[in-house]
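Every number in this text was worked out from the coordinates using simple rules, so none of it is lab data. The shown structure was predicted, so the numbers you read here are calculated from the model rather than taken from an experiment. Note that we place each Cβ from the backbone using ideal geometry, even for glycine, and neighbour counts take in every protein chain shown.
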Amino acid sequence: MSITAVLNRGSDFAGLCRQIREANLLDRRRGNYAARILITLGLFAAGWAAFVWVGNSWYQTIVAAVMGVLFTQVAFLGHDGGHQQVFRSKRANDAIGVVAGDLLVGLSYGWWVDKHNRHHAKPNFEGHDPDIGDGVLAFTTEQVAARTGAFGRFMARHQAWLFFPLLTFEGLNLHVASIRALITERARRYRRTELALFSVHTVAYFGGIFLVLSPIKAVAFIAIHQGVWGLYMGCSFAPNHKGMPTFPAKSDIDFLRRQVLTSRNVRGGWFTDVLLGGLNYQVEHHLFPNMPRPSLRKAQLLVRAYCQEHQILYTETGLFGSYAAALRHLHDLGAPLRTGQPVAYETG
């Protein structure tokens with residue numbers, strides 16, 4: 001890349017932003033969202049009506065799986081509200097997020113927004129992106145090298161095989177993290193409202209299930225429902241950045257390249273758009289987080305062409321290809337622990 005090109009990198013995003021604004025792709029899509037919200041909430045209500053109608057039956061295992069899917073679709077609405085995509089008013093968008101998250105799903109909206117904003121600011125940047133923070137799985141070579149205990153090393157060695165099974169616990173993890181945040185983070189905005197709505201959700205969820213079902217069937221319903229919800233949520237977010245380049249904390253990369261180089265799109269038609277809640281347009285979503293979900297497909301044409309013009313690698317794969325890339329990355333990270341070789345540190 002020439003010196004002139006390097007000096008002009010800071011203005012590259014301005015040119016793309018101008019094209020997006022001229023195409024009116026940041027305008028609110030109230031009609032589309034009104035229909036989307038009504039359909040999603042209608043199906044959500046119908047799911048719980050079916051739960052009551054089926055009654056104390058093992059057929060509730062089917063209802064549990066369906067409700068796991070519907071919980072994720074409701075969570076997608078909360079995601080859109082958190083990114084201020086639906087209305088111009090922040091209060092109205094936050095209302096959607098709080099109702100969808102705390103009341104309907106049992107997920108703290110305030111905690112999630114804070115975590116998700118940090119991810120958007122520096123995706124795949126070590127020490128900044130909470131989505132690649134050290135946990136049960138290791139996402140960087142430094143995290144693999146730090147595994148000293150038997151359990152941690154076992155998990156890192158086999159994390160590619162364990163990835164999807166572990167996702168079934170993601171719903172439980174989100175609930176626990178939400179409760180911890182609501183209890184300890186007293187200065188958070190909307191905390192009292194969230195506590196009230198989260199409490200209503202918890203009482204109604206467990207009370208309703210144990211009221212309709214016998215204890216054994218109730219436990220089975222909860223396990224299937226929460227497992228499907230966690231798996232679906234994880235499978236919706238996993239293709240976006242896992243297996244894409246990671247960077248050291250102090251890397252100096254301009255906004256456009258920071259977002260494009262660390263994000264992966266998933267190819268597909270309208271079904272993929274619905275299935276993944278618009279997260280399949282991850283590049284466009286990271287460049288323009290407040291862009292309404294229905295505008296992302298049109299924006300992709302402009303962004304892809306712009307990246308090609310500026311010689312910026314734009315990554316797009318099929319859904320299963322994205323999972324394969326994520327699993328391959330996790331498998332490769334754990335290789336040194338399987339072979340006994342020293343960990344080769346990544347430099348970004």
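By the rule of a C-alpha distance below 26 Å, with chain neighbours fewer than 8 residues away ignored, the lysines paired with LYS250 are LYS115, LYS122, LYS242.
Here the simple spin-label model places points 7 Å from the Cα toward Cβ, and for GLN311 and ILE39 these points are separated by 4.3 nm.
Other residues with beta-carbon under 15 Å from the beta-carbon of LEU103 carry, at +1 per Lys or Arg and -1 per Asp or Glu, a net charge of -1. What is the local net charge at SER199, summed over the other residues whose Cβ is closer than 13 Å to its Cβ (Lys, Arg +1; Asp, Glu -1)? Neighbourhood net charge equals 0. Cα centroids of the range 159-233 and the range 101-147: 18 Å apart. A Förster radius of 25 Å combined with the Cβ-Cβ distance from VAL200 to PHE164 puts the calculated FRET efficiency at roughly 0.20.
Could you tell me which of PRO294, PHE87, VAL136 has its Cα farthest along the dipole of the chain towards the positive end, charges placed at Cβ (Lys, Arg +1; Asp, Glu -1), taken about the Cα centre? About the Cα centre, the residue reaching furthest to the positive side is PHE87.
Dipole size of the chain about its Cα centre, with +1 on Lys/Arg Cβ and -1 on Asp/Glu Cβ: approximately 480 debye, rounded to the nearest 20.
Here each label is just a point 7 Å from Cα along the line to Cβ, and for ASN56 and ALA23 those points are 5.7 nm apart. Extension gain, ARG192-ARG328: 0.36 nm per intervening residue step, less the Cα-Cα distance, totals 44.6 nm. Taking amide H positions as modeled 1.01 Å from N, with prolines and chain starts lacking one, the residues under 5 Å from THR315 and 5 or more places away or on another chain are ASN265.
Working note: Karplus 6.51/-1.76/1.60 with θ = phi - 60° gives the range 133-150 the couplings x, 5, x, 5, 9, 9, 10, 9, 5, 4, 5, 5, 5, 7, 6, 10, x, 4 Hz, where Gly and Pro are set to x.
The range 43-92 and the range 272-332 have Cα centres separated by 25 Å. Relative contact order of the chain: 25 percent, from C-alpha pairs under 8 Å at least 6 residues apart in sequence.
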